[in-house]
Amino acid sequence: MADMVARTQALMTRLRLEQLGGLAWLPVTSAPRAHPPLMEWEQAVKTCRRCRLCEGRHHTVFGEGSPHASVMFVGEGPGMEEDLQGRPFVGAAGALLTKIIQALGLSREHVYITNMVKCRPPQNRVPLPDELASCRRYLDAQIALVRPRVICTLGRTAANALLQIDAPVGALRGQRHLFGDIPVIVTYHPAHLLRHPEAKRETWADVRQLLPYLRRGR
Ligand code: SF4
C-alpha cells in the first residue's frame with residue numbers, strides 16, 4: 001500500500017511539473033505486455049543459425065519494450081554488454097539512449113528498442129551485408145507486429161540497411177524518409193555521441209521530430 005501511495009504521489013508530482021512546464025499532453029503509450037506472436041519470433045531467434053554471427057554469441061538480443069509502442073529505435077547490433085545480458089542498449093551507449101528517451105518524456109518500457117542483427121558481431125565490427133540480409137526477416141516481423149508510428153534509426157548501418165541506401169548519417173538526418181508508410185527519423189548512434197559529444201545538439205534536434213508522433217500516442 002505504501003508503495004502504491006508513493007507511486008501515485010510521484011505521478012501527481014510529474015503531472016504538476018509538466019503542467020508548470022507548459023506541457024499539455026502526456027505520451028499515451030502502453031507498458032509492456034505479453035505478445036505471443038513477438039514471443040514466437042523471439043524464440044526463433046534464440047535458436048537461429050542463419051549466419052556466422054551465431055558462432056560467437058552468448059545470448060541473442062531480440063529487442064524489448066512495448067509491443068504497442070509509437071516509437072521504435074533501431075540500432076546496428078548487440079555489443080559486449082548486450083551479448084552478455086541478452087538485452088539491447090544496456091552498455092554506456094544504452095545509458096545515453098535511455099536519457100534521450102527520458103528527455104522525450106518516456107521510459108524504455110514505452111518504446112520498442114531493437115537492432116538490425118540480433119547476435120553480436122566479433123569485436124563489434126560492422127555487420128556484413130549477408131549477415132544483415134540473413135537477419136532482416138526478424139526486424140521486418142518486429143515492425144509488422146509492433147506497427148510503430150515512427151522509426152528512429154541510430155547510426156549509419158541501421159539507416160542504410162533499413163532504407164536500402166548508402167550515405168552517412170550527416171547526409172540523411174533532417175530529411176523525410178519512409179519505410180513503407182512509416183516515417184523514419186535518422187540520427188547518430190549513441191556510441192558516436194560518446195566519442196563526439198558535440199553531436200548531441202544535432203541528435204536532440206533529430207529526436208525532437210519524434211514528438212508529434214507521441215502526441216497522437218497509442
Ligand atoms: S545475427 Fe540474426 S540471422 Fe545471424 S544467427 Fe543471429 S539471429 Fe540468426
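The values are calculated or read from the model by the stated rules, or taken from the named source; none is laboratory data. Fair warning: this is a prediction, and the values are worked out from it, not measured in the lab. Note that we place each Cβ from the backbone using ideal geometry, even for glycine, and neighbour counts take in every protein chain shown.
Filter the range 62-82 down to the residues that are of a type in the set (Asp, Glu) and either more than 16 Å from the ligand (Cβ to nearest atom) or surrounded by fewer than 22 Cβ atoms within 10 Å (Cβ to Cβ) (or both), then identify the one that is nearest to Asp206 (Cα to Cα).
Of everything passing the filter in the range 62-82, Glu64 is nearest to Asp206 (Cα to Cα).
I need the full set of residues from the range 51-61 which are surrounded by fewer than 17 Cβ atoms within 10 Å (Cβ to Cβ) and near the ligand (Cβ under 8 Å from one of its atoms), in order please.
Once the filter is applied, which keeps residues that are surrounded by fewer than 17 Cβ atoms within 10 Å (Cβ to Cβ) and near the ligand (Cβ under 8 Å from one of its atoms), the range 51-61 yields Arg52, Cys54.
Evaluate the range 153-165: report whether one residue or more is in a strand (DSSP E or B), at pLDDT 95 or above and surrounded by 19 or more Cβ atoms within 10 Å (Cβ to Cβ).
Checked the range 153-165: at least one residue is in a strand (DSSP E or B), at pLDDT 95 or above and surrounded by 19 or more Cβ atoms within 10 Å (Cβ to Cβ).
May I ask you to list pairs of residues, at least six apart or on different chains, whose Cβ atoms are under 6 Å apart, with the first in the range 135-147 being part of a helix (DSSP H, G or I) and the second being within 9 Å of the ligand (Cβ to nearest atom) and of a type in the set (A, V, I, L, M, F, W, C)?
Pairs found: Cys135/Val117; Tyr138/Val45.
Could you check the range 104-134 and list, in sequence order, the residues that are more than 16 Å from the ligand (Cβ to nearest atom), over 22 Å from Gly180 (Cα atoms) and not in a loop (DSSP other than H, G, I, E, B)?
Those that are more than 16 Å from the ligand (Cβ to nearest atom), over 22 Å from Gly180 (Cα atoms) and not in a loop (DSSP other than H, G, I, E, B): Arg108, Glu109, His110.
I'd like to verify a number: residues in the range 60-98 that are assigned to a helix (DSSP H, G or I), in contact with a helix residue (DSSP H, G or I) (Cβ under 9 Å, 6 or more places away or on another chain) and not aliphatic (A, V, I, L, M), how many?
Count: 4.
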